[in-house]
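What follows is a set of notes on a single structure, which appears directly below.
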Amino acid sequence: MPMDVSMFRYVDSIPEETINLASSAMRGMNPDGLGGADIEEQIARLYGVEKEQVIVTPSNTFATFFTLYHLSKKINTMVTIAPEYPACHYQARDIGITASIENRISQEGVDLSPWDVDEKTLYYISNPNNPTGLTWSDESIKSIARETESNESYLLIDDTFSFFNGTFPKKLEVGNTIILGSISKFFGDSGIKMGWIVAGKNVIEEMRERIGIIVPVISNNVKRRGAYLLGNINVFKEYNKKKIDENSKILFEALDEYILGYKGSIINALNVGGGSTKFSFSLISEGVSTVPGYYFGSDSLVRIGIGTEDAERTEKGVKIIANRLSRWKG
(Lines give C-alpha, C1' and ligand atoms only; values in the text may rest on other atoms or scores of the structure.)
Protein backbone atom coordinates (compact mmCIF):
# COMPACT_ATOMS: atom_id res chain seq x y z
CA MET A 1 0.00 0.00 0.00
CA PRO A 2 1.65 3.31 -1.07
CA MET A 3 2.10 5.13 2.23
CA ASP A 4 5.86 5.68 2.22
CA VAL A 5 5.89 9.31 1.02
CA SER A 6 4.93 12.10 3.40
CA MET A 7 1.66 13.90 2.76
CA PHE A 8 2.90 16.70 4.99
CA ARG A 9 5.87 17.49 2.74
CA TYR A 10 3.49 17.59 -0.22
CA VAL A 11 1.09 20.04 1.46
CA ASP A 12 3.93 22.25 2.72
CA SER A 13 5.15 22.70 -0.87
CA ILE A 14 1.92 24.37 -2.09
CA PRO A 15 2.24 28.11 -2.94
CA GLU A 16 0.30 30.40 -0.60
CA GLU A 17 -1.69 32.13 -3.36
CA THR A 18 -3.12 28.82 -4.57
CA ILE A 19 -6.87 28.24 -4.01
CA ASN A 20 -6.69 26.01 -0.95
CA LEU A 21 -8.90 22.94 -1.34
CA ALA A 22 -6.26 20.76 0.33
CA SER A 23 -6.90 21.89 3.91
CA SER A 24 -9.34 19.91 6.04
CA ALA A 25 -9.80 22.73 8.56
CA MET A 26 -12.06 25.75 8.89
CA ARG A 27 -10.81 29.26 8.39
CA GLY A 28 -12.46 32.63 8.80
CA MET A 29 -13.66 32.71 12.41
CA ASN A 30 -11.05 32.85 15.13
CA PRO A 31 -12.11 35.32 17.86
CA ASP A 32 -9.78 36.18 20.72
CA GLY A 33 -10.65 34.82 24.12
CA LEU A 34 -9.61 32.70 27.07
CA GLY A 35 -11.83 30.48 29.16
CA GLY A 36 -11.49 29.00 32.61
CA ALA A 37 -9.26 26.24 33.88
CA ASP A 38 -11.81 23.48 33.38
CA ILE A 39 -10.82 22.04 30.00
CA GLU A 40 -10.74 18.43 31.27
CA GLU A 41 -14.26 18.83 32.66
CA GLN A 42 -15.50 20.24 29.34
CA ILE A 43 -14.06 17.35 27.34
CA ALA A 44 -15.43 14.86 29.87
CA ARG A 45 -18.94 16.30 29.40
CA LEU A 46 -18.64 15.91 25.62
CA TYR A 47 -18.11 12.17 25.99
CA GLY A 48 -20.24 11.51 29.06
CA VAL A 49 -17.29 10.41 31.19
CA GLU A 50 -15.53 11.57 34.35
CA LYS A 51 -12.70 14.11 34.36
CA GLU A 52 -10.26 11.36 35.39
CA GLN A 53 -10.86 9.66 32.03
CA VAL A 54 -9.39 12.57 30.05
CA ILE A 55 -5.78 13.41 29.22
CA VAL A 56 -5.10 16.73 27.45
CA THR A 57 -2.20 16.59 24.96
CA PRO A 58 -0.26 19.07 22.80
CA SER A 59 -2.10 18.14 19.57
CA ASN A 60 -3.85 15.08 18.18
CA THR A 61 -0.56 13.94 16.65
CA PHE A 62 1.00 13.71 20.11
CA ALA A 63 -2.10 11.90 21.37
CA THR A 64 -1.83 9.34 18.57
CA PHE A 65 1.87 8.73 19.07
CA PHE A 66 1.60 8.40 22.83
CA THR A 67 -1.35 6.01 22.55
CA LEU A 68 0.55 3.80 20.12
CA TYR A 69 3.64 3.96 22.32
CA HIS A 70 1.56 2.92 25.32
CA LEU A 71 -0.12 0.04 23.47
CA SER A 72 2.99 -1.24 21.67
CA LYS A 73 3.70 -3.90 24.33
CA LYS A 74 0.04 -4.91 24.62
CA ILE A 75 -0.80 -5.66 20.98
CA ASN A 76 0.58 -7.88 18.24
CA THR A 77 -0.52 -5.81 15.27
CA MET A 78 -2.51 -2.77 14.15
CA VAL A 79 -5.23 -2.93 11.47
CA THR A 80 -6.64 -0.01 9.54
CA ILE A 81 -8.33 0.53 6.18
CA ALA A 82 -7.73 2.31 2.91
CA PRO A 83 -8.60 5.03 2.25
CA GLU A 84 -7.66 6.39 5.67
CA TYR A 85 -5.61 9.17 7.25
CA PRO A 86 -2.09 7.71 7.24
CA ALA A 87 -0.46 9.35 10.29
CA CYS A 88 -1.36 6.45 12.58
CA HIS A 89 0.12 3.99 10.08
CA TYR A 90 3.37 5.99 9.83
CA GLN A 91 3.70 6.26 13.59
CA ALA A 92 2.93 2.59 14.21
CA ARG A 93 5.59 1.60 11.69
CA ASP A 94 8.17 3.93 13.29
CA ILE A 95 7.45 2.55 16.78
CA GLY A 96 7.86 -1.00 15.48
CA ILE A 97 4.21 -2.08 15.44
CA THR A 98 3.31 -4.37 12.55
CA ALA A 99 0.50 -2.61 10.67
CA SER A 100 -1.80 -4.04 8.02
CA ILE A 101 -4.22 -2.19 5.76
CA GLU A 102 -7.50 -3.55 4.41
CA ASN A 103 -8.68 -2.08 1.13
CA ARG A 104 -12.29 -1.00 1.72
CA ILE A 105 -12.88 1.00 -1.47
CA SER A 106 -14.89 -0.27 -4.45
CA GLN A 107 -17.03 1.06 -7.27
CA GLU A 108 -19.88 1.44 -4.77
CA GLY A 109 -17.87 3.59 -2.36
CA VAL A 110 -16.10 2.86 0.94
CA ASP A 111 -17.10 -0.14 3.08
CA LEU A 112 -17.27 0.98 6.71
CA SER A 113 -18.55 -2.29 8.14
CA PRO A 114 -17.03 -3.71 11.36
CA TRP A 115 -14.12 -6.11 11.65
CA ASP A 116 -13.99 -9.60 13.12
CA VAL A 117 -11.80 -8.68 16.08
CA ASP A 118 -8.66 -10.76 16.65
CA GLU A 119 -6.81 -11.05 19.96
CA LYS A 120 -4.28 -8.38 20.95
CA THR A 121 -4.95 -6.26 17.89
CA LEU A 122 -5.42 -2.50 17.60
CA TYR A 123 -8.08 -1.32 15.15
CA TYR A 124 -7.74 2.28 13.98
CA ILE A 125 -10.32 4.47 12.26
CA SER A 126 -11.08 8.13 11.80
CA ASN A 127 -14.78 8.88 12.25
CA PRO A 128 -15.92 10.52 10.04
CA ASN A 129 -13.47 8.93 7.67
CA ASN A 130 -10.63 11.05 6.34
CA PRO A 131 -10.48 11.51 3.27
CA THR A 132 -14.12 10.84 2.30
CA GLY A 133 -16.08 12.41 5.16
CA LEU A 134 -18.22 9.27 5.41
CA THR A 135 -19.35 8.25 8.90
CA TRP A 136 -19.03 4.83 10.47
CA SER A 137 -22.42 3.67 11.72
CA ASP A 138 -23.07 3.56 15.46
CA GLU A 139 -23.68 -0.17 15.20
CA SER A 140 -20.31 -0.71 13.47
CA ILE A 141 -18.51 1.14 16.26
CA LYS A 142 -20.41 -0.71 18.98
CA SER A 143 -19.81 -4.07 17.32
CA ILE A 144 -16.03 -3.57 17.29
CA ALA A 145 -15.97 -2.02 20.76
CA ARG A 146 -17.91 -4.86 22.37
CA GLU A 147 -15.45 -7.47 21.11
CA THR A 148 -12.26 -5.66 22.11
CA GLU A 149 -12.90 -6.00 25.82
CA SER A 150 -13.08 -9.80 25.76
CA ASN A 151 -9.88 -10.49 23.82
CA GLU A 152 -7.41 -7.81 24.93
CA SER A 153 -7.79 -5.77 21.75
CA TYR A 154 -8.38 -2.04 21.31
CA LEU A 155 -10.39 0.30 19.10
CA LEU A 156 -8.68 3.66 18.46
CA ILE A 157 -10.92 6.38 17.01
CA ASP A 158 -9.71 9.73 15.69
CA ASP A 159 -12.78 11.78 16.53
CA THR A 160 -11.57 15.14 15.19
CA PHE A 161 -14.14 15.55 12.41
CA SER A 162 -17.11 14.46 14.52
CA PHE A 163 -17.59 18.07 15.65
CA PHE A 164 -18.97 18.80 12.19
CA ASN A 165 -21.82 16.32 12.49
CA GLY A 166 -21.82 15.31 16.17
CA THR A 167 -24.53 15.62 18.77
CA PHE A 168 -23.28 16.52 22.23
CA PRO A 169 -22.91 15.19 24.81
CA LYS A 170 -21.47 12.11 23.11
CA LYS A 171 -20.87 8.75 24.78
CA LEU A 172 -17.71 6.71 25.09
CA GLU A 173 -18.49 3.22 23.79
CA VAL A 174 -17.96 0.03 25.78
CA GLY A 175 -14.85 -2.11 25.54
CA ASN A 176 -11.24 -1.01 25.17
CA THR A 177 -12.15 2.06 23.13
CA ILE A 178 -9.75 5.02 23.03
CA ILE A 179 -10.91 8.28 21.48
CA LEU A 180 -8.58 11.01 20.23
CA GLY A 181 -9.75 14.53 19.49
CA SER A 182 -8.48 17.96 18.53
CA ILE A 183 -9.66 21.55 18.27
CA SER A 184 -7.68 22.32 15.13
CA LYS A 185 -10.23 21.44 12.42
CA PHE A 186 -13.63 22.58 13.67
CA PHE A 187 -12.37 25.69 15.46
CA GLY A 188 -9.68 26.55 12.90
CA ASP A 189 -7.11 27.16 15.63
CA SER A 190 -4.25 24.75 15.06
CA GLY A 191 -1.73 27.28 16.39
CA ILE A 192 -2.30 26.44 20.06
CA LYS A 193 -1.81 22.69 19.47
CA MET A 194 -4.22 20.99 21.81
CA GLY A 195 -5.73 17.52 21.59
CA TRP A 196 -6.97 14.87 24.01
CA ILE A 197 -7.28 11.19 24.86
CA VAL A 198 -10.49 9.76 26.32
CA ALA A 199 -10.74 6.16 27.48
CA GLY A 200 -11.82 3.87 30.29
CA LYS A 201 -10.37 4.50 33.75
CA ASN A 202 -7.99 1.54 33.69
CA VAL A 203 -6.50 2.58 30.34
CA ILE A 204 -6.10 6.22 31.37
CA GLU A 205 -4.59 5.33 34.75
CA GLU A 206 -1.91 3.24 33.02
CA MET A 207 -1.25 6.06 30.54
CA ARG A 208 -0.81 8.63 33.31
CA GLU A 209 1.99 6.55 34.81
CA ARG A 210 4.01 6.96 31.61
CA ILE A 211 2.84 10.24 30.14
CA GLY A 212 5.60 12.40 31.63
CA ILE A 213 8.16 10.40 29.68
CA ILE A 214 6.96 11.52 26.29
CA VAL A 215 4.27 14.22 26.39
CA PRO A 216 5.33 17.81 27.19
CA VAL A 217 3.46 19.86 29.79
CA ILE A 218 0.67 21.99 28.29
CA SER A 219 0.56 25.61 29.43
CA ASN A 220 -2.43 27.01 31.30
CA ASN A 221 -2.93 29.58 28.53
CA VAL A 222 -3.28 26.80 25.95
CA LYS A 223 -5.80 25.02 28.17
CA ARG A 224 -7.73 28.24 28.77
CA ARG A 225 -7.82 28.94 25.02
CA GLY A 226 -9.15 25.43 24.45
CA ALA A 227 -11.74 25.95 27.16
CA TYR A 228 -12.90 29.16 25.47
CA LEU A 229 -13.31 27.43 22.10
CA LEU A 230 -15.14 24.40 23.51
CA GLY A 231 -17.35 26.74 25.50
CA ASN A 232 -18.49 28.35 22.26
CA ILE A 233 -19.25 25.22 20.21
CA ASN A 234 -22.69 26.44 19.13
CA VAL A 235 -21.32 29.76 17.83
CA PHE A 236 -18.74 27.95 15.72
CA LYS A 237 -21.29 25.36 14.63
CA GLU A 238 -23.57 28.05 13.21
CA TYR A 239 -20.73 29.80 11.37
CA ASN A 240 -19.23 26.55 10.05
CA LYS A 241 -22.54 25.14 8.85
CA LYS A 242 -23.34 28.24 6.82
CA LYS A 243 -19.94 28.28 5.13
CA ILE A 244 -19.75 24.53 4.52
CA ASP A 245 -23.30 24.29 3.18
CA GLU A 246 -22.60 27.07 0.70
CA ASN A 247 -19.34 25.55 -0.50
CA SER A 248 -20.78 22.02 -0.51
CA LYS A 249 -23.59 23.13 -2.82
CA ILE A 250 -20.99 24.51 -5.23
CA LEU A 251 -18.98 21.29 -5.07
CA PHE A 252 -21.89 18.91 -5.62
CA GLU A 253 -23.51 20.93 -8.41
CA ALA A 254 -20.33 20.69 -10.46
CA LEU A 255 -18.80 17.35 -9.42
CA ASP A 256 -21.57 15.16 -7.99
CA GLU A 257 -20.83 12.17 -10.24
CA TYR A 258 -17.23 12.00 -8.98
CA ILE A 259 -17.80 12.48 -5.23
CA LEU A 260 -17.39 9.88 -2.49
CA GLY A 261 -19.02 11.49 0.52
CA TYR A 262 -22.12 13.46 1.34
CA LYS A 263 -23.30 17.05 1.20
CA GLY A 264 -22.37 19.12 4.19
CA SER A 265 -19.10 17.34 4.98
CA ILE A 266 -15.99 19.50 5.31
CA ILE A 267 -14.07 16.92 3.27
CA ASN A 268 -15.01 14.76 0.30
CA ALA A 269 -13.06 12.49 -2.01
CA LEU A 270 -13.24 12.70 -5.79
CA ASN A 271 -12.85 9.53 -7.85
CA VAL A 272 -10.34 10.39 -10.56
CA GLY A 273 -9.74 6.78 -11.65
CA GLY A 274 -6.00 6.72 -10.99
CA GLY A 275 -2.83 8.78 -10.99
CA SER A 276 -3.97 10.94 -8.05
CA THR A 277 -0.57 12.57 -7.46
CA LYS A 278 -0.18 13.50 -11.10
CA PHE A 279 -3.74 14.83 -11.12
CA SER A 280 -3.16 16.98 -8.02
CA PHE A 281 0.09 18.36 -9.38
CA SER A 282 -1.66 19.28 -12.62
CA LEU A 283 -4.19 21.26 -10.59
CA ILE A 284 -1.45 23.11 -8.72
CA SER A 285 -0.16 24.34 -12.07
CA GLU A 286 -3.63 25.88 -12.54
CA GLY A 287 -3.71 27.41 -9.06
CA VAL A 288 -5.74 24.84 -7.08
CA SER A 289 -4.50 22.56 -4.31
CA THR A 290 -5.98 19.17 -3.37
CA VAL A 291 -4.47 16.15 -1.62
CA PRO A 292 -3.75 12.98 -3.62
CA GLY A 293 -5.46 9.81 -2.45
CA TYR A 294 -2.08 8.12 -2.84
CA TYR A 295 -1.26 9.30 0.68
CA PHE A 296 -4.45 7.74 2.03
CA GLY A 297 -3.70 4.38 0.43
CA SER A 298 -5.94 4.81 -2.64
CA ASP A 299 -4.45 6.27 -5.81
CA SER A 300 -7.88 6.57 -7.45
CA LEU A 301 -8.96 9.48 -5.22
CA VAL A 302 -8.14 13.08 -4.41
CA ARG A 303 -9.38 14.79 -1.26
CA ILE A 304 -11.20 18.13 -1.38
CA GLY A 305 -11.57 20.37 1.68
CA ILE A 306 -14.16 23.15 1.64
CA GLY A 307 -13.71 24.92 4.97
CA THR A 308 -10.85 27.26 4.14
CA GLU A 309 -11.88 29.28 1.10
CA ASP A 310 -14.90 31.54 0.72
CA ALA A 311 -17.56 30.71 -1.87
CA GLU A 312 -16.15 32.84 -4.70
CA ARG A 313 -12.73 31.18 -4.61
CA THR A 314 -14.24 27.75 -3.98
CA GLU A 315 -16.41 28.11 -7.08
CA LYS A 316 -13.41 29.15 -9.16
CA GLY A 317 -11.38 26.19 -7.90
CA VAL A 318 -14.21 23.69 -8.48
CA LYS A 319 -14.62 24.89 -12.09
CA ILE A 320 -10.92 24.31 -12.69
CA ILE A 321 -11.19 20.79 -11.22
CA ALA A 322 -14.28 19.99 -13.32
CA ASN A 323 -12.52 21.11 -16.47
CA ARG A 324 -9.46 19.03 -15.65
CA LEU A 325 -11.59 15.95 -14.84
CA SER A 326 -13.39 16.19 -18.17
CA ARG A 327 -10.01 15.73 -19.89
CA TRP A 328 -8.42 13.33 -17.40
CA LYS A 329 -7.49 9.81 -18.53
CA GLY A 330 -6.29 8.50 -15.13
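The values are calculated or read from the model by the stated rules, or taken from the named source; none is laboratory data. What you see is a predicted model; the values in this text were computed from it and never measured. No Cβ is skipped: glycine too gets one built from the backbone with ideal geometry, and neighbour counts run over all protein chains shown.
Points worth noting:
- Unmet requirement for ILE81, which otherwise passes all of (1) part of a helix (DSSP H, G or I); (2) at pLDDT 95 or above: (1)
- Check on ASN176, of a type in the set (S, T, N, Q) and under 26 Å from ILE105 (Cβ atoms): no
- Of the helices (runs of 4 or more DSSP H) that lie entirely inside region 177-279, those containing 2 or more residues that are under 21 Å from the mean Cα position of the chain (by Cα) and of a type in the set (Val, Ile, Thr) span 233-255.
- Taking region 282-324 as the range and being surrounded by 21 or more Cβ atoms within 10 Å (Cβ to Cβ) and either in a loop (DSSP other than H, G, I, E, B) or not assigned by TED's automatic domain parsing to the domain that holds ILE19 (or both) as the test, the residues that pass are THR290, GLY297, SER298, ASP299, ILE306, GLY307, THR308, GLU309.
- Annotation note: of SER182, SER137, SER162, SER126, the sole residue that is surrounded by fewer than 16 Cβ atoms within 10 Å (Cβ to Cβ), at pLDDT 90 or above and either touching a strand residue (DSSP E or B) at 6+ places or on another chain (Cβ under 8 Å) or within 30 Å of PRO292 (Cβ to Cβ) (or both) is SER137.
- Matching residues, region 87-112, being modelled with pLDDT under 90 and among the acidic types (Asp, Glu): GLU108
- Boolean, ALA44 is buried (at least 19 other Cβ atoms within 10 Å of the Cβ), of a type in the set (Gly, Ala, Ser), in contact with a Ser or Thr (Cβ under 8 Å, 6 or more places away or on another chain) and assigned to a helix (DSSP H, G or I): no
- Top-ranked residue in region 185-198 [being farther than 17 Å from LYS237 by Cα and crowded, with 19+ Cβ neighbours inside 10 Å; ranked as modelled with the lowest pLDDT]: ILE192
- Filter result for the condition that a residue is hydroxyl-bearing (Ser, Thr, Tyr) and surrounded by 21 or more Cβ atoms within 10 Å (Cβ to Cβ), over THR67, THR98, THR61, THR77: THR67
- Residues located in region 86-136, provided they are under 17 Å from ALA269 (Cβ atoms), free of Cβ contacts under 8 Å to residues at least 60 places away in the same chain and either among the hydroxyl-bearing types (Ser, Thr, Tyr) or in contact with a Cys (Cβ under 7 Å, 6 or more places away or on another chain) (or both): SER106, SER126, THR135
- For beta carbons closer than 6 Å, sequence separation of 6+ or different chains, a first residue in region 269-293 that is closer than 13 Å to LYS329 by Cα and a second that is assigned to a helix (DSSP H, G or I), the qualifying pairs are ASN271/TYR258; VAL272/PHE279; SER276/GLY293; SER276/TYR294.
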